[in-house]
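The values are calculated or read from the model by the stated rules, or taken from the named source; none is laboratory data. Since this is a predicted model, take the numbers as computed values, not measurements. Cβ placement follows ideal geometry from the backbone for every residue including glycine, while neighbour counts extend to all protein chains displayed. Ligands, DNA and RNA are excluded from the accessible area calculation, which covers all protein heavy atoms including side chains. Shrake-Rupley method; radii C 1.70, N 1.55, O 1.52, S 1.80 Å.
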Amino acid sequence: MCGIVGAVTTEDVTPILLDGLQRLEYRGYDSAGLVVQTAEGTQQRARQVGKVAALAQHLAEQSVSGTTGIAHTRWATHGRPAEHNAHPHTSHPVAVVHNGIIENHHELRQALATQGYSFSSDTDTEVIAHLVTSLLQHDTSLLAAVRQATERLVGAYALAIIAADAPGEMIAVRVGSPLVIGIGAEGHFIASDVSALLPVTQQFIHLEEGDIAQITRTQVKILDAQGQPVTRAVHTSTLDAARVGKAGYDHYMQKEIFEQPAVVAETLEGRISRERVLEDSFGCEIRSLLDQTDVIHIVACGTSYHAGLIAKYWLEAVGVSCQVEIASEYRYRPVVVPDRTLFLTISQSGETADTLAALRIAKQRAYLGSLVVCNVPESSMVREADAVLMTRAGPEIGVASTKAFSTQLVVLRLLTLSLARRHGMTAAQEQQQIAALQALPRQIEAVLQQDAQIAALAADFTAAHSVLFLGRGPFYPAMLEAALKLKELSYIHAEAYPAGELKHGPLALVDDQMRIICAVPDNSLADKVLSNLQEVRARGGHLCLLHDETVVPELDEYAACVIPATDADLSLIVYSVALQLLAYHVAVLKGTNVDQPRNLAKSVTVE
């Protein structure tokens, strides 16, 4: 969602703030702004609707410089995208930027209005600025005023606050939304995630829930949720600023699609031998949990939820009962937890608000423990779960997840094989599965070599108003993910159905204007899928088939893409890469913003 950057240094912070905002653009936003403060406390504010580039252009036309500053990219919640709603918000002498939602903003607004404070925006954030200013009237410090303000705020938020009468000082607060502090040689920095600060530091402190930090150029003081001084560990980030670039590709998403052979291989590296899964690479905590696991509850959102649905097919095929929940539903209903149940969350960012809240709720329930599959080693879920399986996808900037999805499935497959061994899988069967995993990067590469062919298919979808995706077995959730990719990138309505459900409603939609995409892998359901598609053909539906090279469909005139022969359980990963390419090329032809689709955010850190 919103992105925060802040800096207190010996040099001009304006270029640092702008660069940080650009590195946070992937989170999704509709406006951007900053406040820069001189050493004497003079403040200058600039805000623009639209991209960070518009803010940079505005700043190029005026002199804005100083040694302390806060900046923000806003994703609208309260109030439409407009300059008066853009952050930072001010109430002399205070300036604030905010990621999150203040649930009791209406009551606070009314109370502050009776004290004579006037509001120039429609946001929930402006109440924070006025509230801190009102508390500063009691001759208190900025730190004390912010602490008192947070006691009155209800919601989830990350804050960065400066004040004209406290030059060279910045207060940072984390309650429900992520915030990191960067440790530099010439000063200190804050940001919503480490990627914003990689050009200036590799050293980071991750604020914990309820922390309030007082930050100056020379020191960082942190108080915990109880107001007690604490020391938080400094971590060296393993991320590389150079890996966050486009590397010659037109879009981040395109680059990330083509990185998949390498990141899948990286995710497997050190975790398998020629014959077996190397469970020691998971860590002793995971092995102990798996020894006791009979049931798994998977909780996730969006693309990660689809990965969980696929894992359910795999896990139950080896005898492990599995339940998959959308995190925003799980957290608001009572849940029955059978004996010997492992709680598993999946998240690319490790900061997804609903999934993180579900993880915290799960700790209060009778689970064996918690395991997170995640792509960001410094994230909240990684720090709070009992055990972790990293995906090793590297930074994913495009809002539409691609390589993170594939690597999530690879990790979930490794987890499945580890449990299968405990449920009777033989050494020969495991060796066969390992060979399939080792072949996976090459098979993905073979699909990527069909990029031009898939791009040619995309032209037939640009005028479509609706697309139906069909699959059976684990290919049904794989098609849910494919439909999500097309709709979020190209803004074409798309939905997925189990192919066997056509007669139970969706067939009514099929006519000569309907586009239908179906995957036909070489598995036990292939004949049934082809039979289902005959019903579509009979009603004039426009078919697009992706099929295994070992399958020769009677509908061969509709064949669009031939997928290399792949292990039955892993083939859906290869098919998904082809469908990612199709969604990408449709979006390019339609001229949409591929990396930052409208209304969407990469990391959904508010409910």
GluC sites (Glu not before Pro) in the stretch 1-40 lying in a DSSP loop, each with at most 15 other Cβ atoms within 10 Å of its Cβ, come to Glu11, Glu40
Sorted on mean Cβ neighbours within 10 Å (highest first), peptides 393-404, 455-466 come out as 393-404, 455-466
Note, Leu34: beta-carbon cut-off 11 Å, +1 each Lys/Arg, -1 each Asp/Glu, net +2
Protection proxy (average C-beta count within 10 Å per residue), highest first, orders 587-599, 80-92 as 80-92, 587-599
Of the stretch 476-518, those with amide N under 12 Å from the point 7 Å along the Cα→Cβ vector of Ala463 are 513
Toy charge model, Lys and Arg Cβ at +1, Asp and Glu Cβ at -1: the stretch 78-213 dipole around Cα centroid in debye, rounded to 20, equals 120
Among Tyr305, Ala160, Ala578, the residue whose Cα sits farthest towards the positive end of the charge dipole of the chain (+1 at Cβ of Lys and Arg, -1 at Cβ of Asp and Glu, taken about the Cα centre) is Ala160
Computed over the chain, the Cα gyration tensor eigenvalues, each multiplied by 5 and square-rooted, give semi-axes in Å (largest first) of 45, 27, 22
In the chain the accessible area split gives carbon plus sulfur, as whole percent at 1.4 Å, a share of 49
Length gained if Gln148 through His493 is fully extended, taking 0.36 nm per residue and subtracting the Cα-Cα distance, is 119.5 nm
Looks like the stretch 331-406, by Cα gyration tensor root eigenvalues a ≥ b ≥ c and the a/c under 1.5 rounded cutoff (else prolate when a/b is bigger than b/c, oblate otherwise), is prolate
When the charge dipole of the stretch 111-244 is computed with +1 at the Cβ of Lys and Arg and -1 at the Cβ of Asp and Glu, the Cα pointing farthest to the positive end, of Phe189, Gln148, Leu131, is that of Phe189
Tilt, helix 302-317 to longest principal axis of the chain (alpha-carbon atoms), in degrees rounded to tens, equals 40
Env charge @ Leu223, Cβ radius under 9 Å, K,R +1 / D,E -1, value 0
Helix 571-590: inclination vs the chain longest Cα principal axis, degrees, rounded to 10, gives 60
One would report the antiparallel percent of DSSP beta bridges in the chain, rounded to the nearest 5, as 60
Among Leu468, Pro88, Leu112, the residue whose Cα sits farthest towards the positive end of the charge dipole of the chain, when +1 is placed on the Cβ of each Lys and Arg and -1 on the Cβ of each Asp and Glu, is Leu112
Mean Cβ-within-10 Å packing, highest first, puts peptides 574-580, 200-206, 148-154 in the order 574-580, 200-206, 148-154
So, relative contact order of the chain in percent, Cα under 8 Å, 6 or more apart, is 12
Of the listed pairs Lys528/Lys590; Lys312/Lys363; Lys246/Lys363, those with alpha carbons more than 31 Å apart are Lys528/Lys590; Lys246/Lys363
Here the stretch 471-487 yields Karplus 3J(HN,Hα) values (6.51, -1.76, 1.60; θ = phi - 60°; whole Hz; Gly and Pro given as x) of x, 10, x, x, 6, 5, x, 5, 6, 4, 5, 5, 5, 4, 4, 5, 5
Given unit charges at Cβ for Lys, Arg (+) and Asp, Glu (-), the dipole magnitude of the chain about its Cα centre in debye, nearest 20, is 420
Measuring from its Cα centre, the stretch 84-151 shows a charge dipole (+1 at each Lys and Arg Cβ, -1 at each Asp and Glu Cβ) which, in debye to the nearest 20, is 140
Once normalised by the length of the stretch 77-148, the mean sequence separation of its alpha carbon contacts under 8 Å that are 6 or more apart gives a contact order in percent of 36
